[in-house]
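Written out below as structure tokens is the structure these notes cover.
Throughout, read-outs are computed from the coordinates displayed, never taken from laboratory work. Because the structure is a prediction, the values reported are computed rather than measured. In this analysis, Cβ positions are derived from the backbone assuming ideal geometry, glycine residues included, and neighbour counts consider all displayed protein chains.
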Amino acid sequence: MEEIYVNTKYLKSDNPTYSRNRTGQRSSKSSSYLVIILSLSLLSVFLLAGLITLGFLYKKCPAGWTRFNHSCYLLSESSASWDAARKDCRDRGTDLVVIDSPEEQTFLSAVTNEHTWIGLNDKEQEGTWRWVDGTPLNLMYWAEAQPDDGGGKEDCVHVRNDKKKSWNDLSCAASLKWICEKTPNHCTVS
């Protein structure tokens, strides 16, 4: 009987066919696990890249800012001239609001209750209104008889506190609150 066991051990260890099958099974299992691990790792990398991309496209607004569509808005707590208001916005990595849709005008009407500077002026050329981003004025919400350049020195625009939240031109030196707009083009969060 011992001879049978000895022969079996001999056959298993020295039989090339038996050894290949055992090694082949181990290699096959190892390869399968390796493929699964690599696939999961690659999937994790793609998911992380997707989340980072979405984070940049739909970033959260900084504390104290209000989100609307793809922009964030900050209504100042203090009052200042139009130039000082713009400097404050720029120091925050953004600029005064550029109103480019009726929905944005409606949104701003809901968040402003006082006269508030917006990013519109005709400082460079009287009567040629431009937004702070350089775009010309296409959408208008002027109050009746406005703009009137009262006294020849009204080059900056604010949203009035009337029911329509209409616009008025005013001296840039006047002291009003302002609203900054952080757009997707301003990728830094302050």
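Does the range 122-134 include one or more residues that are under 14 Å from CYS72 (Cα atoms) and either of a type outside the set (A, V, I, L, M, F, W, C) or part of a helix (DSSP H, G or I) (or both)? Checked the range 122-134: no residue is under 14 Å from CYS72 (Cα atoms) and either of a type outside the set (A, V, I, L, M, F, W, C) or part of a helix (DSSP H, G or I) (or both). Within the range 60-83, the set of residues being free of Cβ contacts under 8 Å to residues at least 24 places away in the same chain and outside any loop (DSSP other than H, G, I, E, B) comprises just one member, ARG67. Quick one: is ARG86 outside any strand (DSSP E or B) and touching a Gly at 6+ places or on another chain (Cβ under 9 Å)? Against the criterion (outside any strand (DSSP E or B) and touching a Gly at 6+ places or on another chain (Cβ under 9 Å)), ARG86 qualifies.
Summed over the range 141-163, the residues that are among the aliphatic types (A, V, I, L, M), surrounded by 13 or more Cβ atoms within 10 Å (Cβ to Cβ) and in a loop (DSSP other than H, G, I, E, B) give a count of 1. In this structure, ASP148 does satisfy being under 16 Å from GLY127 (Cα atoms) and either more than 32 Å from the chain's Cα centre (by Cα) or among the hydrophobic types (A, V, I, L, M, F, W, C) (or both).
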